[in-house]
Amino acid sequence: GLGYFIRYKSKLDTRLRELAILQVGWLARSPYEGSHHIKLGDEFGVTDADIEALIADTAGKSTSFGPVERLVLSAAREATRDGAVSLATFEALQKHLANDLMIDLVMTSAFYNAVVRVLATSQLRLGVCIVSSYEMHPVKMANALLTLNEYAKGRAGLVIGGGGEWMLRLGMKTDKRI
């Protein structure tokens, strides 16, 4: 689906993608998106300083972000607050991103705006993520679950998978699932 495309097939720079997702999550005050994408963002080059700068940029304060990062955050903010990216922001971004990357950015912001609204529905259970027992130690799994459960007011869940795509990338056969 679209989530798979955004994560694995989009040509948008992964750091910019994660900054846009984190911006949506921050504005929506989504504990799930915050916790989940801070971890993912770390894997794609988003630093703690970037998170602090995102918060400052959202508040209108000056940051160390360059023009592309500021425009990506503006686009994600506008999509979240106004339901669309303004013409001025879109045209400014077009000077830095090709048309296919612009589409990927707008689709990413729109998709994660839908995700945070679905997750905010209190009747839905939240999942930490699908975790492979080959990739994360059980103590770290438990810590992640307990942290999210606290933020999610008892609505967290954990799914442990058998490795999937990462196992294949490591050249390991996955004939047996655990």
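For the range 1-96, what % of the accessible area comes from carbon and sulfur atoms, probe 1.4 Å?
Here it works out to 53 percent.
What full-extension length gain, to one decimal in nm, is calculated for Lys153 and Ala92 as 0.36 nm per residue of separation minus the Cα-Cα distance?
Between Lys153 and Ala92, full extension yields an extra 17.9 nm.
Can you order the peptides 94-102, 12-20, 39-47 by their average number of other Cβ atoms within 10 Å per residue, highest first?
12-20, 39-47, 94-102
Separation between the Ala114 and Asp100 pseudo-spin-labels, each 7 Å from Cα along Cα→Cβ, expressed in nm?
Result: 2.2 nm between the two label points.
At 7 Å along Cα-to-Cβ for each site, give me the label-to-label distance between Lys140 and Phe5 in nm.
That separation, rounded to one decimal, is 3.1 nm.
Averaged per residue, what accessible area in Å² does the range 1-154 show with a 1.4 Å probe, protein chains only? Show your work: numbers first, answer last.
On the way: 8500 Å² over 154 residues.
Accessible area per residue: 55 Å².
The values are calculated or read from the model by the stated rules, or taken from the named source; none is laboratory data. These numbers were taken from a predicted model, which means no experiment stands behind them. Backbone-built Cβ (ideal geometry, glycine too); neighbour counts: all protein chains shown. All accessible areas refer to the heavy atoms of the entire protein, side chains included, with ligands and DNA or RNA removed. Shrake-Rupley method; radii C 1.70, N 1.55, O 1.52, S 1.80 Å.
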